[in-house]
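Here the structure is laid out as structure tokens; the discussion comes afterwards.
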Amino acid sequence: MINTYVGNGYAKVNEVLVEFINEFNTTHNIPLDAVYTGKMMMGILDLIGKDYFPKGSSILAIHTGGLQGNKGMSERLGINLPF
């Protein structure tokens, strides 16, 4: 298990994460939440960039939801997350 991509902690967001989530949504048309799937995808892509996975590997990422929290988090923190 790799747990180094939790950022500032549970339900904590920073500018880098928000920027990643919005760029990922723009590029792939897949919204991510800031609590789980955004951090997961940022970590996976970081590991790919670091050649962590053997060449030819298949990677399965399961989007577990959580998007319902983006609206409230956006309003409460004054940030822009897809929902």
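Surface exposure of the chain, expressed per residue as accessible area with a 1.4 Å probe, stands at 70 Å².
On a 0 to 90° scale, report how tilted helix 15-28 is relative to the longest principal axis of the chain, with both axes built from alpha carbons and the result rounded to the nearest 10. Its long axis makes an angle of about 70 degrees.
Tell me the label only: which of (1) 1.10; (2) 1.27; (3) 1.05 is Cα Rg over 2.2 N^0.38 Å as calculated from this structure? Label of the calculated value: (1).
For residue 77 and residue 60, calculate 0.36 nm times their separation in residues minus their Cα-Cα distance, and state this gained length in nm to one decimal. If you can, show how the numbers build up before the last one.
On the way: separation 17, 0.36 × 17 = 6.12 nm, distance 3.13 nm.
The span from residue 77 to residue 60 would gain 3.0 nm if fully extended.
The phi torsions of segment 39-54, fed into the Karplus equation with coefficients 6.51, -1.76 and 1.60 and a -60° offset, translate into couplings of 5, 4, 5, 4, x, 4, 5, 5, 5, 4, x, 8, 6, 5, 8, x Hz, rounded to whole numbers, with Gly and Pro shown as x.
Of all accessible surface on the chain at a 1.4 Å probe, what whole percent is carbon and sulfur?
Working: 3290 of 5810 Å².
Whole-percent figure for carbon plus sulfur exposure: 57.
The values are calculated or read from the model by the stated rules, or taken from the named source; none is laboratory data. Computed from a predicted model, the values in this text were never measured in an experiment. Surface areas here come from the heavy atoms of the whole protein model, side chains and all, with no ligands, DNA or RNA. Shrake-Rupley method; radii C 1.70, N 1.55, O 1.52, S 1.80 Å.
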